[in-house]
Structure formats: structure tokens, C-alpha cells
């Protein structure tokens with residue numbers, strides 16, 4: 001926080017950050033107040049075809065204040081740190097705008113104050129690697145893709161960043177956390193006449209540069225796949241038995257079930273609460289879905305969430321039965337459950353909302369061959385373009401797909417989109433593999449906050465009666 | 001402006017050319033209702049500054065916001081310039097258009113009190129619940145002003161203010177495991193309180209049409225895309241294809257099609273940054289190039305692509321005034337798009353259908369190969385038409401198609417257009433032969 005403190009001193013303050021915050025929080029008559037400060041730095045590199053099109057660096061600092069009065073929140077975010085006390089007062093005033101008859105009593109899941117400092121441990125911190133090294137590596141991937149047959153163009157998007165966050169609240173918590181993040185996407189674009197097809201790869205890490213090194217073989221592979229898609233047929237739309245690879249099954253776990261486990265969708269919706277009753281069966285005994293921010297070195301890992309709640313492993317589904325869900329302090333209190341440490345904000349411009357961390361389907365015992373076994377006509381779907389959910393219905397799109405005929409992988413297909421109702425689809429998972437893989441690429445978007453670093457994963461899974469879109 | 005001059009002066013010492021851009025929003029206010037109740041009131045103060053330099057012929061770029069960042073701007077830009085792309089253009093020495101020519105600031109926005117915004121949210125929720133009492137509405141009422149400043153080392157200098165007022169509603173109705181999502185939004189540079197009624201009426205129409213359920217079968221069907229449907233299903237591939245960057249690298253399916261008829265003769269589309277009080281409007285773009293009304297498609301013929309300075313220079317053409325920054329590097333992007341009206345009423349389109357779909361909202365439509373023009377996704381909100389009548393809402397239904405095939409021959413274009421999200425003004429489009437897939441075949 002050195003630059004920030006210097007900045008405050010420059011404005012005539014002469015106090016430590018902690019004192020400054022505790023002074024600003026005093027005597028406003030709110031039920032609860034918290035304050036976030038953040039300093040961040042990032043580097044972005046983008047290629048389009050052979051051109052290194054954008055290379056930029058950014059520095060950003062700012063903060064926010066959140067105040068709770070009778071169940072209603074006020075939120076103030078800022079770049080300028082002067083007048084902190086006035087900003088707190090504004091947040092309290094905003095919180096009081098809700099008419100008292102609709103506001104409930106003070107309700108946040110109770111927590112012991114935490115004072116801690118978290119520093120990432122990295123072998124090779126990407127944010128400390130020179131631009132020249134990064135460019136050399138990305139050039140090598142780009143050259144491989146662009147020199148492959150039928151490849152017209154490419155995209156590379158690389159981004160690394162470091163955030164230093166300070167959190168304090170009116171209950172006495174004071175936490176400093178530093179976090180690094182790294183994200184790379186490679187895309188090869190093939191073209192022949194009017195046909196354009198693409199294939200891509202997403203990687204990421206908590207700032208460890210080695211995660212994006214040595215991907216030359218993968219770069220070659222996506223280039224040849226993009227070219228192979230040019231003459232590939234489109235799947236005939238309809239209902240199929242599908243096998244999902246670990247990457248796409250991870251996206252399924254995230255989109256189809258993970259978002260439904262976010263309690264801010266549930267806690268004020270009585271009908272939805274009846275659907276999501278703990279103890280209800282959602283799938284077979286082989287189905288376990290877990291969200292866990294405590295696993296070391298995944299992009300969705302962290303020690304405290306943005307409300308200062310310590311994190312823990314959370315079983316969402318255990319042996320097919322709904323066991324838990326993801327909470328902020330507020331949703332936990334309203335639903336009479338425990339805060340899980342899932343209140344997260346992408347940066348200081350936004351209040352924390354309930355988000356996932358590392359979400360995955362736990363491994364089972366089926367082998368890939370067993371899954372293929374008795375499928376007469378099905379689709380094997382791999383990799384992802386994206387996914388989205390409306391809670392009940394989800395869609396996600398596979399970057400790579402093959403027909404399955406008579407228990408064997410057959411022709412390559414154009415990318416397909418899968419959709420379904422989450423409740424029936426979970427019941428229709430009839431085989432879970434043993435080969436858990438975690439996918440660290442991409443990011444999650446919700447409520448205008450995107451992309452949040454998360455990871456997701458799964459072994460291969462098989463789903464009966466899945467709707468696959470095509471022409 | 002003074003701190004921008006300071007950054008420009010220190011950049012000039014190390015670079016051949018330089019440009020400083022800044023956006024500041026003193027207080028954007030957002031009122032959020034969750035599950036029909038006021039949940040949160042937000043005030044956001046933000047400012048950021050971007051520096052672009054040409055050093056030894058290469059582009060360097062850096063952004064900063066908050067304390068301590070401005071001093072670092074020049075160093076960061078110099079560092080990136082070692083690897084940046086060769087600069088192929090010059091910064092414009094004069095910004096021709098006076099900011100008064102494109103009105104996008106309404107001082108009335110500043111006068112609306114938070115309390116009034118809360119009232120607006122309540123009114124809107126009350127209207128919707130008057131129709132469907134057990135619906136849960138999330139409503140956002142937002143407003144704010146921004147001040148944009150741009151100066152460059154070639155003498156170019158400009159500044160303008162804009163204002164914003166927006167209203168959005170998402171309603172959810174859960175019955176057992178069935179979830180119905182409805183919703184719509186309005187946005188403008190000026191507060192328009194009649195928009196509340198329009199928005200409520202559209203959402204009530206959605207609720208009314210969704211009262212019954214209907215099933216379709218897996219086959220090719222005609223589809224009416226409502227204005228919302230056009231945006232959620234068809235827009236992304238087109239925006240990408242008309243982007244000068246896609247054209248320059250040869251990835252756009254339209255790259256060789258200038259002057260050729262690619263779309264239905266009834267279809268015309270233009271980008272217009274000069275619409276009074278349009279949220280996508282501006283007097284000059286984020287690089288200082290005057291905004292304009294740019295035809296993209298005229299009677300089905302491809303007319304223009306969207307360019308910023310660098311892309312235009314590389315393509316051997318002129319910037320179209322579409323250089324925009326979403327917090328980062330300037331890139332070509334749409335301002336606001338307008339799709340021409342046709343001559344068919346919505347009712348006539350519905351009556352014309354023996355069996356078909358009305359698509360209002362598609363989920364995940366831009367996850368496929370949008371560069372190739374593909375769209376496809378789950379019909380989040382859509383209605384079945386049978387023998388000229390809307391018979392109910394469809395579920396478990398996917399549509400898929402390719403915009404270049406679908407828009408080549410249209411069955412009809414609606415005679416009434418409306419704005420969606422401040423991005424696109426469009427009538428409904430009546431399309432044939434869309435692939436529909438559903439559960440149970």
C-alpha cells in the first residue's frame with residue numbers, strides 16, 4: 001500500500017492506513033460499514049494475425065465504502081481518496097433511503113474480526129517477467145499457428161495483473177491481501193472461400209508464468225483443428241447421448257449448477273427455495289459437486305473473500321443430494337446457514353456479490369471406453385467457447401465435437417451448442433470418469449462484473465437425452 | 001485539462017507524438033431493487049487517463065486512474081512502445097466538429113434526486129405486479145454524467161460532456177422447477193419518464209404471451225425476431241463482420257463484398273453517432289475524428305466498414321469516426337446502429353405464419369462461430385405461433401442459423417422500430433427456415 005499511503009500523506013494526512021480507516025468509520029449510526037482499498041497493475045498484449053496490435057500497461061487505484069442500515073445497502077466507489085469521512089456519510093445516507101417498513105433488522109452472519117496479511121507465493125511471478133520475454137513466447141505461438149495450412153489469422157490475448165487489496169470493517173477486521181492472476185487465450189482462424197472456422201485454447205494461473213510456457217504443441221493442434229473444421233459437417237439438431245470432456249464438463253458444473261448454488265438468486269425467492277431444498281436429490285449417488293477456494297494455486301483460490309470471511313471447501317452436491325450453497329454474510333444470515341466465503345467483487349468499483357471459486361465435479365470410476373461402449377449415435381463434445389445460464393436453463397458451446405457411432409468416435413463436427421434444463425440434465429448424468437482435470441482459462445461474469453478469475457473442472461461425464469443445436 | 005497538458009508535455013520530451021485522453025464521471029448513481037425491494041443505492045466517482053505515444057515510430061500505450069498513476073503514465077507508455085506496432089497514422093491536428101452539433105448532455109439528469117429514482121423504481125414494479133402479483137422484479141435506475149477530454153501533440157484539442165439515464169427490469173416467475181424470465185430496458189442521454197410506461201407495457205406483453213405453454217417440434221420453421229430478439233440473436237456476427245479490423249485481417253466474411261448485394265434488398269443498416277441524445281452518440285470519436293452517419297448496408301448492398309485511425313491507415317482508407325475505447329486501446333466499434341423499417345405490421349407477420357416462432361430472447365447466441373455468421377442458442381423467451389395466432393411460450397427449444405443465409409432473403413421487415421439497449425434501433429424481422437431443435441424431437 002505504499003503508493004496509496006504516500007498519496008494520502010501528500011493530501012495532508014499523516015496517519016497510518018489503519019487509523020485513517022478506523023477514524024472514518026466511527027460514529028455514523030450504521031449497522032455495519034466496510035471499506036476496501038485497492039491498487040492494481042496490469043499488462044495486456046493482444047495479437048491479431050501477425051500484428052502485435054495492442055500492448056499496454058495500466059495502474060489503477062481506488063476504493064469503496066459499503067454501509068448497511070436496516071437491511072439496505074449504500075455503496076460509494078471512488079478514485080480520489082480525499083474526504084473519506086464524507087464518503088462514508090454518503091454511503092450511510094444511501095442505505096437509509098429504503099423505507100423503514102421494508103427494511104429488516106440488522107442481519108449479517110456473525111463473524112469474529114480477522115486481522116491478517118496474505119502474500120502470494122510464486123516461483124516465477126508473471127508480473128515480474130520482462131515484456132521482451134512475454135513477447136518472445138507469444139511470438140513463437142503465433143508463428144506456429146500462422147504457418148499452419150489454411151490458417152488465415154490468429155488471436156492472442158494475454159493479460160497478467162497484480163492487486164493489492166485492503167479490507168477493513170466496523171467490526172474490527174483488517175485484512176491485506178495481494179493477488180496475482182494470469183490469463184492467455186490462443187485462437188486460430190481458418191478460412192477457405194467464404195467459410196471461416198476457428199479453434200482456441202484458454203489457459204490461466206494465479207500468476208505463475210510457467211502455466212503459459214511450453215504450449216507449442218497445443219498451438220499447432222488448435223491450428224490444425226481450425227483447418228479441419230472447414231469441411232466438417234454441422235450436427236443434425238436434436239436429442240443425443242453426449243460425452244463431455246473434463247473442460248466442457250467443468251463449464252457445465254459451473255454454468256448449470258454452480259450459478260444455481262449462488263444464494264443471492266435464491267434467498268429472496270420462496271419458490272426457488274422450495275426447488276433448492278437442502279437434502280433433495282438432484283442426481284445419482286455418483287454425483288458430487290464441490291466449490292473450494294482453499295485448493296492451492298487455482299485461479300479461483302483465495303484465503304478471505306471480499307467481506308473478510310475465511311474460506312472453506314463447500315460440498316454443493318454430495319452423493320447426488322443437495323448439501324450446501326454459496327453464501328455472502330447477508331444471504332447466509334437470511335437463510336439461516338453458514339457464510340461460506342463466496343462474496344467477491346472484480347474490483348473496487350463494485351460491491352461484493354455471491355460468486356463461485358473453483359467449482360468441480362468430483363471423479364468417479366468410469367473409463368472413457370466404457371462411456372462410449374453402448375452409444376449407437378451420440379456426440380463427443382470437447383473444449384469450450386462459452387456458457388451461460390438462466391438458472392433453470394443453461395447453454396454452453398463446445399469448441400470441438402465428434403459424432404459417436406456404434407460406440408466409436410466418428411467424424412469431426414462444426415462447434416455445437418448444448419442446452420437443457422439443469423434439473424433433468426443432472427439426473428441424466430449416467431457415467432462419471434476418473435480423470436479429473438481443472439480448467440483455468442476464461443473468467444466468470446455476473447451482474448455486470450466480468451471477468452472474475454475462477455476455475456472449474458470435472459472428469460469425462462456422460463449425459464443422456466441432451467439437446468444439441470445444429471442445422 | 002491542466003493535468004492532461006502536464007502529461008502531454010512530459011510525453012513530448014521522450015516521444016515524437018503523443019495523445020492524452022481522459023474520462024471522468026463525478027457521480028454516477030444507481031438504484032437497485034432486488035426481489036421487489038430497494039436493495040442498494042450506489043454512487044460511483046471515477047476518472048481515468050490514457051496516454052498514447054509514438055516513440056521511434058512505434059505505439060506505446062498506458063492507462064492510469066487514482067492516485068500515483070499519472071506520474072507512471074509516461075514510463076509505462078515508453079516501456080510498451082519498444083514492442084508496440086508501428087504507428088501508421090498521425091494524430092488529427094484539429095477536431096472539426098463542435099460539440100454542440102451532437103446534443104448528448106441534458107442538465108436535467110443532474111437534477112433528478114435519488115429519492116425520485118427510488119420512486120421511479122417503485123412505480124415500475126407496481127405496474128408489473130399489477131399484472132402478475134407474484135413476480136419478483138430486479139430493477140435498476142441509473143443516471144450519471146461524464147466529461148471527456150482529448151488533446152494531442154499535433155494541436156488537436158476537444159472536450160465534451162454527456163449525460164445518461166437508464167432503466168432496466170428483470171422479472172422472474174418460478175413455478176415448481178419452471179422459471180420464466182421477462183425483462184426489458186430503456187436508456188437515453190436524457191431522462192424520459194414516459195419510457196417507464198413503455199417498458200412496463202412491453203414486459204406485461206411478455207407475461208401475457210407466456211401465460212400458456214406450447215411445444216414445437218424439431219424442424220425448420222419461420223421465425224419473427226422481435227427487436228430484442230434481433231439484438232440477442234443476430235447482432236453480434238454483424239458487428240464483428242463490419243469491424244474494419246476483421247476486414248483488414250481477412251477474417252470477415254464481408255471482406256471482399258463492398259458494393260455487392262449480400263443481404264435482402266429490403267434491408268438497410270447504418271451506424272449513426274450523431275443521433276440527438278443517443279447513448280452511443282458523440283461529436284468526435286475517442287481519437288478526435290468527427291462522428292457521422294455511416295451507411296453499412298443500403299438496399300442489401302455492403303457500403304462501408306467501421307474504422308479507427310490505425311486500422312484505417314493500415315487498410316489504406318480513412319477513419320470513419322468509430323475509434324472507441326472501452327477503458328483501453330482505441331478500436332473500431334459501432335456507435336448506434338439503425339436498421340431500416342419495412343412495411344409489414346407485427347400482426348400481419350404473425351397472421352402469415354401457419355407454424356412458427358417469435359423469438360424475444362436467446363441465451364448463449366454468441367457462443368458459436370460468430371465470425372462465420374453462426375448464431376444459435378436456447379430460446380429463453382419465445383412464443384409459438386399456430387395458424388396466425390400466438391399460442392404460448394416455448395421451452396427446451398434451441399434455434400440455430402447463419403446470419404448471411406437468414407438475412408439474404410427476408411419474409412418481411414416490420415413497420416415499427418424501437419431502440420434496444422441504446423445500441424440498435426430495429427423493427428422485427430420475419431425470417432424463414434430457421435433450424436429449431438427441441439427436447440423429445
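Within the range B:284-306, being within 18 Å of the chain's Cα centre (by Cα) and in a loop (DSSP other than H, G, I, E, B) holds for B:285, B:286, B:291, B:292, B:305. Could we say that residue A:172 is surrounded by fewer than 20 Cβ atoms within 10 Å (Cβ to Cβ) and on the phi > 0 side of the Ramachandran plot here? It is true that residue A:172 is surrounded by fewer than 20 Cβ atoms within 10 Å (Cβ to Cβ) and on the phi > 0 side of the Ramachandran plot. Just one residue in the set B:300, B:278, B:323, B:327 is on the phi > 0 side of the Ramachandran plot and surrounded by 19 or more Cβ atoms within 10 Å (Cβ to Cβ); that residue is B:300. Within the range B:398-422, how many residues turn out to be in contact with a helix residue (DSSP H, G or I) (Cβ under 7 Å, 6 or more places away or on another chain) and modelled with pLDDT under 90? Qualifying residue count for the region: 1. Taking first residues from the range A:147-163 that are within 11 Å of chain B (Cβ to nearest Cβ) and partners that are in a strand (DSSP E or B) and surrounded by fewer than 21 Cβ atoms within 10 Å (Cβ to Cβ), the Cβ contacts under 7 Å between residues at least 6 apart in sequence or on separate chains come to A:159/A:42; A:159/A:44.
Restricting to the range B:104-137, name every residue that is without any contact (Cβ under 8 Å) to a residue 24 or more places away in the chain, closer than 20 Å to residue A:270 by Cα and not in a helix (DSSP H, G or I). Once the filter is applied, which keeps residues that are without any contact (Cβ under 8 Å) to a residue 24 or more places away in the chain, closer than 20 Å to residue A:270 by Cα and not in a helix (DSSP H, G or I), the range B:104-137 yields only B:133. Residues satisfying the criterion are absent from the range B:311-318 (criterion: closer than 18 Å to residue B:209 by Cα, within 22 Å of the chain's Cα centre (by Cα) and surrounded by 24 or more Cβ atoms within 10 Å (Cβ to Cβ)).
Checked against the criterion of being in contact (Cβ under 8 Å) with a residue 12 or more places away in the chain, assigned to a strand (DSSP E or B) and farther than 18 Å from residue A:162 by Cβ, the candidates A:144, A:65 yield just one match: A:65. Taking the range A:392-420, which residues are within 11 Å of chain B (Cβ to nearest Cβ) and either out of contact with any strand residue (DSSP E or B) (no Cβ under 9 Å at 6 or more places or on another chain) or not in a strand (DSSP E or B) (or both)? Listed by number, the residues that qualify are A:392, A:414, A:415, A:416.
As a summary of the residue check, residue B:223 satisfies the conditions (1) more than 13 Å from chain A (Cβ to nearest Cβ); (2) in contact with a helix residue (DSSP H, G or I) (Cβ under 7 Å, 6 or more places away or on another chain); (3) outside any helix (DSSP H, G or I); (4) buried (at least 23 other Cβ atoms within 10 Å of the Cβ) except for the one numbered (2). Just one of the numbered conditions (1) farther than 24 Å from residue A:346 by Cβ; (2) at pLDDT 50 or above; (3) buried (at least 17 other Cβ atoms within 10 Å of the Cβ) is not true of residue A:15: (3).
For the range A:225-248, the condition holds for at least one residue, the condition being that it is under 22 Å from residue A:358 (Cα atoms), within 13 Å of chain B (Cβ to nearest Cβ) and either at pLDDT 90 or above or surrounded by fewer than 24 Cβ atoms within 10 Å (Cβ to Cβ) (or both). Exactly one residue among A:55, A:65 is at pLDDT 95 or above and either more than 31 Å from the chain's Cα centre (by Cα) or at the interface with another protein chain (Cβ under 9 Å from one of its Cβ atoms) (or both), and that residue is A:55.
Of all residues in the range A:74-90, one or more are more than 9 Å from chain B (Cβ to nearest Cβ), surrounded by fewer than 19 Cβ atoms within 10 Å (Cβ to Cβ), in a loop (DSSP other than H, G, I, E, B) and modelled with pLDDT under 95.
To keep it simple, each residue is scored yes or no on (1) modelled with pLDDT of 95 or more; (2) more than 8 Å from every other protein chain (Cβ to nearest Cβ).
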| residue | (1), (2) |
| --- | --- |
| B:12 | yes, yes |
| B:15 | yes, yes |
| B:37 | no, no |
| B:49 | yes, yes |
| B:66 | no, no |
| B:71 | no, yes |
| B:91 | yes, yes |
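The values are calculated or read from the model by the stated rules, or taken from the named source; none is laboratory data. Source: prediction; values computed, not measured. So basically every Cβ, Gly included, is an ideal-geometry build from the backbone, and we count neighbours across all protein chains shown.
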